[in-house]
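What follows is a set of notes on a single structure, which appears directly below.
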Amino acid sequence: MLSRRAALLATGAGAALALSACAQSVRPLADSSESASTGVSGSASASTSASASASSSPSSTRSSYKGDVQFDNYEKSGTYVPASASAKAQNVPKPLAPANMNERSTEGIYAFAGYWLASLNYLILTGDTEPMKKADGDNVYVKQFQTYSDVYASGLGWMYGSDQPLTISLISDAPVQDSKNPARYNWLARMKFDSKLMMHAEGQADEPFEADSEKSKNPLGSIMNMAVEYKDGGWIMLTGNEDKTAAANSSAV
């Protein structure tokens, strides 16, 4: 039987891979200079980012969104007690969907990304998928992290050591509209799991979440394209496999 620790690690690795695959490519860290923002997609450049992102949405009120994705809209109930090696977290603040996260604008994309990230971190710390479902219309990431829900529900395992397991830092000023699909936008970013994040599974030795990952050795994290699409009146976070799935479904008809 697959151990709960192995299940957590496999799930986390799979989710990290899916996140890193957002859009069509993952750039090596050798390209991580600020000039890398010119390569948000193979068919778009930084010089066109402002006009591209504004072509089908209101203009942004900010000239740049570079830096860590921020979010501060939580429901708090009781005193937050961080998880430890002996007990899972208590009263973890629950992210609330911001009013503007479904706006078709740069602010809307940023608000959505903040809520999506906060919901994923909340899921990792609690196993609760309810907030994430509001930012994951097709339940792609909810399914990817189902193991966390199962393990938390069993009471036999949890994560500890970090209040924010995953961080996403935007490298380019604004998202770039996809040249083939005007509903899609790519945003160059770095993704990193906190090196202090630990996995606990009853009856087994605790170990770092990314103990066997090359990514854990790089303090900057992985370069990725954060790809989103406006669909059914709101934003969704893409995995990079959408076009392949659509092509497969089309050929099967």
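None of the figures in this text is laboratory data; all of them are computed from the coordinates on show. Every value quoted in this text rests on a predicted model; they were computed, and no experiment measured them. Heads up, the Cβs are rebuilt from the backbone with ideal geometry, glycines too, and the neighbour counts pull from every protein chain shown.
Points to keep in mind about this one:
- Across the alpha-carbon set of region 102-146, the Rg to Rh ratio works out to 1.00, Rh being the Kirkwood radius.
- Size of electric dipole in region 49-196: Cβ of Lys, Arg +1 and of Asp, Glu -1, about Cα centre, debye, nearest 20: 180
- The calculated FRET efficiency for the pair ALA153 and ARG104, based on their C-beta separation and a Förster distance of 51 Å, comes to about 0.90.
- For region 73-130, a crude dipole built from +1 on the beta carbon of Lys and Arg and -1 on the beta carbon of Asp and Glu, taken about the Cα centre, is about 160 debye to the nearest 20.
- Full extension of the chain segment joining ASP163 with ASN91 gains 24.7 nm, where the gain is 0.36 nm per residue of separation less the Cα-Cα distance.
- Rg/Rh ratio calculated on Cα atoms of region 118-170 (Kirkwood radius): 0.97
- Cross-link pairs exceeding 19 Å in C-alpha to C-alpha distance, out of LYS94/LYS134; LYS133/LYS231; LYS94/LYS133; LYS88/LYS192; LYS180/LYS231; LYS192/LYS231, comprise LYS88/LYS192; LYS192/LYS231.
- Cα gyration tensor shape of region 120-234, rounded if a/c is under 1.5, else prolate or oblate by comparing a/b with b/c: oblate
- Modelled spin labels at THR79 and ARG62, positioned 7 Å past Cα toward Cβ, are 3.4 nm from each other.
- Anisotropy class of region 174-214 from Cα gyration tensor, a/c 1.5 cut: prolate
- Gyration tensor (alpha-carbon) shape descriptor, region 74-114, a/c threshold 1.5: prolate
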